Amino acid sequence: MVIRTCLLALAPTVLFAQGILRDSETYEASTQFFATVHTPFWMQARQYGVIAERGPFLHTTLALSSDYQIPSKTRPYLKAKALDWGYAFEVSENAGATNQLLLPQSFVKVKYRVLELSAGKRRELTGIADSTLGMGPYSGSGNAMSIPKIQLALRTWTRLFTPHLAIRASLAHGWLEDPRAFVRHAYLHQKTIYLRIGKPKAPVLGFVGMNHQVQWAGRTFGPVEPKEYFQPDGSLPHDAAALVSVVTGKRGFGKNYNLYDNRERVGNHLGSVDLALQMQSDDRTILMYRQQPYEMPSLLQLANLRDGLMGISVHNNAADYSSTGIRTIVFEYLSTQDQGRKGPLWGTGPVWQEQYFNHLQYRQGWSYRGRTIGVPFITPSKTSTHFTNDNLLTVFHLGIEAFLFGRWELNGRLSHVTSRGTPDQIYELPKQQVSFLIEAKRSLWFLKGSEFRGTLAGDAGNLYPKSVAVSVGLTKRWGFVNENVSEITRYRLKYSP
């Protein structure tokens with residue numbers, strides 16, 4: 001109801017004015033009906049937490065945004081600026097069996113050349129992996145609601161000493177406020193650094209880097225048990241010494257810390273070390289990648305090298321959109337079966353036993369607003385005192401994007417999951433799950449800038465609730481649309497006079 005009221009209120013402004021804040025704004029309104037009881041995995045995964053878990057429901061979104069100024073097909077006179085700013089605001093509503101009003105995105109950004117400062121909630125991914133058809137990067141997959149944070153970043157690949165070497169990096173402080181979490185008022189520390197080896201148009205490019213995330217500080221208002229994990233008032237270290245431990249990964253050295261933080265690193269440390277190789281030509285682009293997960297101190301001990309997310313993405317650059325054909329294929333394999341239990345590949349005996357996305361202090365785990373922040377197959381438990389009962393996983397995943405008759409854009413996802421529980425509680429018989437999604441989209445000739453979408457998805461197995469669901473929806477974009485977005489470019493080339 002709120003979204004529909006906003007649409008009516010803003011309609012005269014966005015239809016007849018140059019813009020609310022800038023004349024280069026883009027507006028988007030969408031509505032989608034989900035016919036389901038339990039929303040299937042791939043209908044709700046990697047949707048930034050806006051798709052409800054139970055239905056039926058009507059999902060409505062209103063968004064406005066303005067990016068940095070660049071030339072476009074309709075406004076070639078525009079020029080890129082060294083100093084510029086942009087913003088985005090998005091509000092979503094679910095109405096039906098689940099009623100929610102959500103704010104998935106709201107941020108302002110300012111850039112000077114390659115340096116960017118942003119503040120607010122922003123849709124982002126963390127790590128090198130396929131961003132559209134894959135299961136999502138290990139550390140930050142776009143599965144949970146965007147986290148409010150302040151971030152300083154090199155927003156584009158920036159030359160480092162030589163044209164053959166470039167860098168991207170970021171440093172952020174965020175707020176993991178969640179009224180349902182066991183530890184509330186927690187902070188997020190996040191930093192990333194990645195190197196690209198080779199010039200942008202070289203036939204072969206190499207990528208290497210890592211990301212580091214830490215949940216830290218906060219306080220629990222529940223029972224402080226066991227007492228060694230918390231201060232007497234239920235709080236966790238948040239002083240300057242704690243910040244040093246968070247940033248550097250060194251052990252805590254505060255004078256008045258609880259027993260756990262005195263012998264361990266302050267906070268819940270996790271991330272991935274990423275390697276990738278990209279081969280590109282006029283006809284196709286092939287990306288091969290591996291993400292090595294870690295939780296301190298396995299990174300230092302190299303104790304879990306058997307685990308990782310590996311994938312290959314093949315993109316057809318020469319696809320003929322006026323006919324039928326495959327544009328992109330993605331295959332990925334995820335294993336989290338080891339978690340340091342077998343020790344290093346060349347060692348003897350366990351060195352460290354981890355619990356991916358679980359933590360003894362932050363019992364809400366690596367989650368935000370009830371959703372997994374990282375790879376979505378490590379799902380939250382409804383009954384456990386910890387975040388998940390399923391982090392010993394083997395996942396095979398296939399994603400395909402294709403075009404049909406030059407009119408329809410199709411994409412599909414098919415995943416097979418095997419779960420053996422957790423290192424503390426291994427199932428006698430592994431649980432199996434198959435999840436699929438098929439989506440068809442088409443631009444509508446009678447309403448320029450609009451798109452029809454129909455989706456069929458389902459789950460079968462004993463890991464998630466069995467379900468089959470259908471959804472249909474309509475999206476309308478207008479205003480200043482960045483025509484570098486492939487769907488809009490194809491649409492306007494096809495239908496503009």
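Annotations
- Annotation: Q432 fulfils all but one of (1) assigned to a strand (DSSP E or B); (2) under 30 Å from P148 (Cβ atoms); the unmet one is (2).
- Failed item in (1) within 22 Å of K191 (Cβ to Cβ); (2) within 22 Å of the chain's Cα centre (by Cα); (3) surrounded by fewer than 16 Cβ atoms within 10 Å (Cβ to Cβ), with M288 passing the rest: (1)
- Of residues in segment 58-95 being more than 23 Å from the chain's Cα centre (by Cα) and in contact (Cβ under 8 Å) with a residue 60 or more places away in the chain, the one nearest to L152 (Cα to Cα): I70
- Among the candidates G209, G218, residue that is farther than 18 Å from W175 by Cα, among the small types (G, A, S) and buried (at least 17 other Cβ atoms within 10 Å of the Cβ): G209
- Residue ID - farthest from S118 (Cα to Cα), chosen from residues in segment 162-183 that are at pLDDT 95 or above and small (G, A, S): A166
- K149 surrounded by 15 or more Cβ atoms within 10 Å (Cβ to Cβ), at pLDDT 95 or above and touching a His at 6+ places or on another chain (Cβ under 7 Å): yes
- Cβ-Cβ under 9 Å pairs, at least 6 apart or on other chains, segment 293-308 side over 17 Å from P137 (Cβ atoms) and of a type in the set (D, E), far side at pLDDT 75 or above and outside any loop (DSSP other than H, G, I, E, B): none
- Annotation: of all residues in segment 244-256 being in a loop (DSSP other than H, G, I, E, B) and either touching a residue at least 24 places away in the same chain (Cβ under 8 Å) or among the polar types (S, T, N, Q) (or both), the one that is surrounded by the most Cβ atoms within 10 Å (Cβ to Cβ) is G249.
- Subset of segment 355-376 (residues that are in a loop (DSSP other than H, G, I, E, B) and within 14 Å of S139 (Cβ to Cβ)): Y356, F357, G365, W366, I373, G374, V375, P376
- Count of segment 419-445 residues, restricted to those that are buried (at least 18 other Cβ atoms within 10 Å of the Cβ), within 25 Å of D390 (Cα to Cα) and among the polar types (S, T, N, Q), is 4.
- Every condition in (1) in a loop (DSSP other than H, G, I, E, B); (2) within 27 Å of the chain's Cα centre (by Cα); (3) surrounded by fewer than 17 Cβ atoms within 10 Å (Cβ to Cβ) is met by P232 except one, and the failing one is (2).
- Filtered by the rule that a residue be touching a residue at least 24 places away in the same chain (Cβ under 8 Å), part of a strand (DSSP E or B), of a type outside the set (A, V, I, L, M, F, W, C) and touching a Ser or Thr at 6+ places or on another chain (Cβ under 9 Å), segment 398-424 gives G399, E401, E409, N411, R413, S415, T418, S419, R420, T422.
- One residue alone among P148, P71, P104 is within 28 Å of N411 (Cα to Cα) and not acidic (D, E), and that residue is P104.
- Verdict on L78 being at pLDDT below 95 and surrounded by fewer than 19 Cβ atoms within 10 Å (Cβ to Cβ): yes
- Exclusive hit being over 22 Å from L152 (Cα atoms), small (G, A, S) and part of a helix (DSSP H, G or I), set A181, A241: A241
- The condition of being surrounded by 19 or more Cβ atoms within 10 Å (Cβ to Cβ), free of Cβ contacts under 8 Å to residues at least 40 places away in the same chain and part of a strand (DSSP E or B) holds for only one of A166, A119, that being A166.
- Any hit, segment 100-109, residues being outside any strand (DSSP E or B) and either of a type in the set (K, R) or buried (at least 19 other Cβ atoms within 10 Å of the Cβ) (or both): no
- V395 vs. criteria assigned to a loop (DSSP other than H, G, I, E, B), among the hydrophobic types (A, V, I, L, M, F, W, C), touching a residue at least 60 places away in the same chain (Cβ under 8 Å) and within 20 Å of E332 (Cα to Cα): no
The values are calculated or read from the model by the stated rules, or taken from the named source; none is laboratory data. Keep in mind the model is a prediction, meaning the values are calculated, not measured. Positions of Cβ are generated from backbone atoms using ideal geometry, with glycine treated the same way; all protein chains shown enter the neighbour counts.
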